[in-house]
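Data block below; observations after.
Each reported figure results from applying straightforward, stated rules to the coordinates on display, with no laboratory input. As the structure is a computational prediction, the values presented were derived from the model and not from experiment. Reconstructed Cβ throughout: ideal geometry from the backbone, glycine too, with neighbour counts over all protein chains shown.
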Amino acid sequence: MDLILEGISKAFSLLISLDAELFAVVLLTLQISGSATLISLFLGMSAGTAVALNAFPGKRLVVSIINTGMGLPPVVVGLFVAIMLWRSGPLGFLGILYTPGAMVIAQSIIATPIIAGITLAAMQNLPDKLRLQILSLGATRAQMVWLLMKEARLPLLAAVMAGFGGVVSEIGASIMVGGNIKGYTRVLTTATVMETGRGNFDVAIALGLVLLALAFIINYFLTSVQQTGRR
Amino acid sequence: MSAIKRTVFCAVIMLMVASLGIVGCGKKGELILATTTSTQDSGLLDVLIPDFEKKAGLKVKTIAVGSGQAMAMGERGEADVLLVHSPDAEKKFMDAGFGSARRKVMYNDFIIVGPADDPAKIKGEKTSVDALKKLAAAGAIFMSRGDKSGTHAKELKLWKDGKIDPEKQKWYQSTGLGMGETLKVASEKKGYTLADRGTYLALKKNLGLDILVEGDEALKNVYHVVEVNAQKFPKVNKDGAKAFADFILSKEVQAVIGKFGVEKFGSPLFFPDAEAK
């Protein structure tokens, strides 16, 4: 119990003194997880919408694959991305293992199916008649997709939150492809694990609280966007 | 609504600009150092690396894994230089031609820790092998790291010297975790374990474990710096690896190592041991 209180007071003293190292770690966490979320937003929403609005043979199989991907174990993703990026691996010439770029790649692979899956479900949940009506009013295909996405904005923002939440709290893949290098690839989750190993439980608890607060602020912001205009 | 939209838009743009910076980071002058968790967890590398980076003009990427994994990285040419403590495995590594140079850096020691009431009565045993024999006879819970780290290799060697095969015994449990976690598990389960002194000292106040056996010559824990063979792996940063090894063996750095930890623990965590050239 003492330890928890100690951790909380440590968290506040770190935050109040605006510890430069902590600030750098938070900023990097936001950059990496934010970029990964943006990339997977683009890929996942396009894929989800395309699959939802088109009929094609093997659609059920594709939907199953996307749904399976929503539960992709991060350590498996980390392992495969690391093997691909090894110096001796097929993409070794890029030399990006143990860089933030590699972490963005791994996290995007984790988040894309999550966003695609929720997008898919959201778009399929829209009534078919709506689509026909939009088209009958003379909308182009792009205008139709845009209007449908606007209609499904509530679940789509939930997809953003799920994707961001999935990557910001992720540890296995991040440590495998990023390596927890001080001031370069050290993010909140990997720093928390390291401080625990060092026996600095108060700092670890402080980092954990900062991560929680960060996730809450981002989600609160997205939720207020989601709920605006909905009385 | 439009105000929120504008904020979202601005946030997205800011993130995009920020992400450009991290993707474009240069890859010139990099050195991958694969090492054990003990050197990172003790904080020693946080003191040494920035100094080396400044002097050598290199960006050091420290990957802290167990000695076994660090050497596996070396065997694939994925690391440039290793700082490890698993002498037998290191010799095999050198004999197989994966390394071009291996030099002694420093040592500290292992200790056998266990619950304060010491149910197997091993406290004060002169040799670690005798202590392990007693543990086996008593069937006392022993937590092994089981992760192919240097500590794990040392532990297996001690069992072998005592002609005991602990595998598959009910009292012998493998955590598959790092030193810090294994100590915590041993403490919770009231078991014994082999630990490096530095990690134990760092975690001591949150553990219910006492030092029971120490000072045995067989418990010496020697660290070597190993340069990965650039002839075998052309991508290895040969000059950087040599510069790092020379740096850590230099008189000034050896002095820093000898003083490290004195302030916090009252005694040094590592003893400098650079081989005279």
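Quick notes
- Rounded to 5, the percent of DSSP beta bridges in the protein assembly as shown classed as antiparallel: 60
- Value of relative contact order over chain B, rounded to a whole percent, pairs C-alpha under 8 Å and six or more apart: 27
- Overall form of region A:78-185 per C-alpha gyration tensor (a/c, 1.5; a/b vs b/c): prolate
- Each DSSP beta bridge with both residues in chain B is either parallel or antiparallel, and the antiparallel ones are about 60%.
- Ranked by the mean number of other Cβ atoms within 10 Å of their residues, highest first, the peptides B:109-120, A:8-19 come out as B:109-120, A:8-19.
- In this structure, the amide hydrogen of B:Ser144, modeled 1.01 Å from its nitrogen in the peptide plane, lies closer than 5 angstrom to those of B:Gln173, B:Ser174, B:Thr175, counting only residues at least 5 positions away or on a different chain.
- Computed 3J(HN,Hα) for region B:249-259, one whole-Hz value per residue from the Karplus formula 6.51 cos²θ - 1.76 cosθ + 1.60 where θ = phi - 60°, is 9, 5, 4, 5, 5, 4, 5, 4, 4, x, 9, glycine and proline marked x.
- For the segment A:193-202, counting C-beta atoms of other chains within 10 Å of every residue's C-beta and taking the mean gives 6.
- Chain A: relative contact order in percent, alpha carbon pairs under 8 Å with at least 6 residues between: 32
- Cβ charges +1 (Lys, Arg) and -1 (Asp, Glu), total dipole of the protein assembly as shown, debye: 1480
- Restriction of the chymotrypsin sites (Phe, Trp or Tyr not before Pro) in region B:162-247 to DSSP coil positions whose beta-carbon has at most 10 other beta-carbons within 10 angstrom yields no sites.
- Potential extension, A:Ile4-A:Asn67 segment - 0.36 nm per residue separation minus Cα distance: 18.8 nm
- Loop-located trypsin sites (Lys or Arg not before Pro) in region B:96-202 whose Cβ has at most 12 other Cβ within 10 Å (DSSP): B:Lys126, B:Lys163, B:Lys168, B:Lys170
- Mean projected area of the convex hull spanned by the Cα atoms of region A:34-116, taken over all viewing directions: 5.9 nm².
- Shown for chain A are the DSSP H helices of 27 Å or more along their axis, judged by Cα atoms, with a mean Kyte-Doolittle hydropathy of at least 1.6: A:20-53, A:201-227.
- 10 Å Cβ neighbours from other chains, averaged over peptide B:78-89: 1
- Given R0 = 22 Å, the distance between the Cβ atoms of A:Phe80 and B:Lys189 translates into a calculated FRET efficiency of 0.05.
- Cα-based shape type of the protein assembly as shown, given that a ≥ b ≥ c are square roots of the gyration tensor eigenvalues and the cut on a/c is 1.5: prolate
- Pairs of Cα atoms farther than 28 Å apart, chain B, %: 43
- Note on region B:111-166 and region B:221-240: Cα centroid distance 33 Å, given to the nearest whole angstrom.
- Folded to 0 to 90 degrees: helix B:2-23 orientation relative to chain B principal axis, Cα: 70
- Here the 3J(HN,Hα) profile of region B:114-125, calculated from phi with Karplus coefficients 6.51, -1.76 and 1.60 at θ = phi - 60°, is x, x, 4, 7, 6, x, 8, 6, 9, 4, x, 4 Hz, Gly and Pro shown as x.
- Distance between the pseudo-spin-label points of B:Asn206 and B:Ala96 (7 Å out from Cα toward the beta carbon): 3.6 nm.
- Simple label model, 7 Å out from Cα along Cβ direction - B:Lys134 to A:Gln143, nm: 8.8
- The alpha carbon gyration tensor of region B:118-233 gives principal lengths a ≥ b ≥ c with a/c of 1.5 or higher and a/b greater than b/c, which makes the shape prolate.
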